[in-house]
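S.K.: Quick one: structure below, then a few questions.
The values are calculated or read from the model by the stated rules, or taken from the named source; none is laboratory data. These numbers were taken from a predicted model, which means no experiment stands behind them. FYI the Cβ positions are ideal-geometry reconstructions off the backbone, even for glycines, and counts take in every protein chain you see.
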Amino acid sequence: MFHLFMVLLRMIKRYINFLKSEKLVRKLVLIQLISYFGAWFSNVAIYTLLIQMNVSVMIIALVAALHFLPGALIAPFSGAIIDKYPPKILLKTLIIIEIIATFLLTLVSDASYIYLLYILVFIRMGAASFYFTTEMSLLPKLLKNESLHIANEIQSIVWSLSYTVGMALSGFFVYKFGVMMAFIVDGFMFIVALLLLLPLELPKNKNIVEQKILLMMKDTFTYIKSNPVILALITLHATVGFTAYDALMVLIVDYYYSDLLAVSLALGLLNSFRAIGLVIGPLFISKLINNSSLTYLFILQGLTLFIFSSFLDSFYLTLFTSIIVGLSATTLWSYTYTLLQHHTDSAYYGRVVAYNDMFFLLVASFSGFLIGFLANFKVSLVSITDIFGVIFILCGLYYIWLKNKFVLKEVK
């Protein structure tokens, strides 16, 4: 136990020292934390609202999918735009869009506004995804090698922390203050992020691409086609999108625990414990992972889902096992992302990252639809969880094939 504690302290110190030495990255991380937190904070409010409306399983699954689908649809254009225009202009515009869309969510008061909810979730999450892609394409231009890997680890922790803790705290907030107040507070968080971004001096693209956007998209397809390892790595990273099982968590709470606790409170607790795993996982695992051991991490993710599914009928054991489920996910995300960056030419960072995010978000969106489809056909939630476990074991086998086919550069 003492050894694990010392490892934890060393990893935390490593991140702190890195952020102290990289002033610009430190500021970007702070803004990212607030804006990503805001992007997910009102999610529990949205899901609570849907359950209060007594909507079908498929509508819940559709809303879960809509949190990821917009990023996938705009990715072919966003990548070209990122390589063509200054990043600060893009980041400011995207946060403003998120502010407007979030405040407009207060208009959704009952089921008659469900289509407005679809539109606002689509716009808001599309802007959030675009923001994320813009920032991730900026990092390789600021950092190299080990520094880039550390930055990606921090980014993945921030994303995971925002993703789950945002929903966790939202659950408690919605329980105490209600759905509409959550939307209002969320909007003000985006305003804070914008105010922090405005004075920030971001480097402009050194090599602004002068091609028209459609020609840039065509050029990107040609580049990826001529570099099959990039397509293989994009596919590998996309498989991590199967960890986006928000719809499953909502259905588990609604089916098993709605008589025990308020839905928003149960969701908040479940995501709180899941967040613990997502945040502490990299502190212990990241140093152990390299190109040779990555296979075992995929398999571990699958095995933990089997454990999680075994205790769904016990709320307290589900809380504990949700920590275990989260341990591998963050490192899987950051390591596969860094692998792709290491194999991409700098002139194509924005576009390749955008296409990578497109595939990732398509898989995440598909996960939501798959959960809804299976649940609609009366497949048990235990079986659905086990199906996702099998998927991750298959992903581990895919990585073995990829590693044998291509000579991969080591991340560290």
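S.K.: Got at least one residue in the range 266-273 being touching a residue at least 60 places away in the same chain (Cβ under 8 Å) and under 21 Å from L148 (Cβ atoms)?
M.R.: no
S.K.: Pairs, please: C-beta under 6 Å, at least 6 apart or cross-chain, first residue within 16 Å of I51 (Cβ to Cβ) and of a type in the set (A, V, I, L, M, F, W, C) and in the range 109-121, second part of a helix (DSSP H, G or I) and modelled with pLDDT under 90?
M.R.: What qualifies is V121/L66.
S.K.: Please verify whether L248 is out of contact with any helix residue (DSSP H, G or I) (no Cβ under 9 Å at 6 or more places or on another chain), in a helix (DSSP H, G or I), modelled with pLDDT of 85 or more and more than 24 Å from A75 (Cβ to Cβ), treating the condition exactly as stated.
M.R.: No, not satisfied.
S.K.: In addition: List the helices (runs of 4 or more DSSP H) that sit entirely inside the range 329-412 and contain at least 1 residues that are under 21 Å from L138 (Cβ atoms).
M.R.: 329-342, 349-376
S.K.: Another question, then. Name the single residue that is modelled with the highest pLDDT among those in the range 42-59 being under 15 Å from F377 (Cα atoms) and of a type in the set (V, I, T).
M.R.: Top of the filtered list is I59.
Matching residues to (1) among the basic types (K, R); (2) under 14 Å from I285 (Cα atoms); (3) within 21 Å of the chain's Cα centre (by Cα):
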{"residue": "Y316", "(1), (2), (3)": "no, no, no"}
{"residue": "S322", "(1), (2), (3)": "no, no, yes"}
{"residue": "Y337", "(1), (2), (3)": "no, no, yes"}
{"residue": "R351", "(1), (2), (3)": "yes, no, yes"}
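S.K.: Filter the range 249-267 down to the residues that are crowded, with 20+ Cβ neighbours inside 10 Å and among the hydrophobic types (A, V, I, L, M, F, W, C) and list them by number.
M.R.: Selection gives M249, V250, L251, I252, V253, V263, A266, L267.
S.K.: Name the residues in the range 87-132 that are outside any helix (DSSP H, G or I) and buried (at least 22 other Cβ atoms within 10 Å of the Cβ), would you?
M.R.: V108
S.K.: T336: crowded, with 22+ Cβ neighbours inside 10 Å, in contact (Cβ under 8 Å) with a residue 24 or more places away in the chain and at negative phi, yes or no? Full working, then the answer.
M.R.: Values: crowded, with 22+ Cβ neighbours inside 10 Å: yes; in contact (Cβ under 8 Å) with a residue 24 or more places away in the chain: yes; at negative phi: yes.
Criteria met by T336.
S.K.: Go through the range 347-378 residue by residue and tally those that are of a type in the set (G, A, S), more than 20 Å from T243 (Cβ to Cβ) and surrounded by 24 or more Cβ atoms within 10 Å (Cβ to Cβ).
M.R.: Within the range 347-378, the subset of a type in the set (G, A, S) is 347, 350, 354, 364-365, 367-368, 372, 375.
Still in the running and more than 20 Å from T243 (Cβ to Cβ): 347, 350, 354.
Checking the rest, the ones that are also surrounded by 24 or more Cβ atoms within 10 Å (Cβ to Cβ) come to 350, 354.
Qualifying residue count for the region: 2.
S.K.: Test N376 against the criterion of being over 20 Å from I289 (Cα atoms) and in contact with a His (Cβ under 9 Å, 6 or more places away or on another chain), and give yes or no. Even if it seems obvious, please write down each step before you answer.
M.R.: Details: over 20 Å from I289 (Cα atoms): yes; in contact with a His (Cβ under 9 Å, 6 or more places away or on another chain): no.
It is false that N376 is over 20 Å from I289 (Cα atoms) and in contact with a His (Cβ under 9 Å, 6 or more places away or on another chain).
S.K.: So, one more: Does any residue of the range 271-279 turn out to be within 22 Å of F41 (Cβ to Cβ) and either among the basic types (K, R) or at pLDDT 90 or above (or both)?
M.R.: Within the range 271-279, the subset within 22 Å of F41 (Cβ to Cβ) is 271-279.
Then keep just the ones that are either among the basic types (K, R) or at pLDDT 90 or above (or both); that gives 274.
Looking for residues that are within 22 Å of F41 (Cβ to Cβ) and either among the basic types (K, R) or at pLDDT 90 or above (or both), one finds at least one in the range 271-279, hence yes.
S.K.: Consider the range 288-347. How many of its residues are aromatic (F, W, Y) and under 21 Å from A151 (Cβ atoms)?
M.R.: Taking the range 288-347 first, the residues aromatic (F, W, Y) are 296, 298, 306, 308, 311, 315-316, 320, 333, 335, 337.
From the residues that got through so far, the ones that are under 21 Å from A151 (Cβ atoms) too are 333, 335, 337.
Total satisfying the criteria: 3.
S.K.: Given the condition in contact with a helix residue (DSSP H, G or I) (Cβ under 6 Å, 6 or more places away or on another chain), surrounded by 24 or more Cβ atoms within 10 Å (Cβ to Cβ) and part of a helix (DSSP H, G or I), answer yes or no: does some residue in the range 140-150 qualify?
M.R.: No, the range 140-150 contains no residue that is in contact with a helix residue (DSSP H, G or I) (Cβ under 6 Å, 6 or more places away or on another chain), surrounded by 24 or more Cβ atoms within 10 Å (Cβ to Cβ) and part of a helix (DSSP H, G or I).
S.K.: A follow-up question, please. Kindly list the number of the only condition in (1) modelled with pLDDT of 70 or more; (2) in a helix (DSSP H, G or I); (3) surrounded by 15 or more Cβ atoms within 10 Å (Cβ to Cβ); (4) within 25 Å of the chain's Cα centre (by Cα) that fails for D219.
M.R.: Going through the list (1) modelled with pLDDT of 70 or more; (2) in a helix (DSSP H, G or I); (3) surrounded by 15 or more Cβ atoms within 10 Å (Cβ to Cβ); (4) within 25 Å of the chain's Cα centre (by Cα), D219 breaks only (4).
S.K.: Mind listing whichever residues of the range 268-319 are assigned to a loop (DSSP other than H, G, I, E, B) and surrounded by fewer than 18 Cβ atoms within 10 Å (Cβ to Cβ)?
M.R.: The answer is N290, N291, S292, S293, S310, F311, D313, S314.
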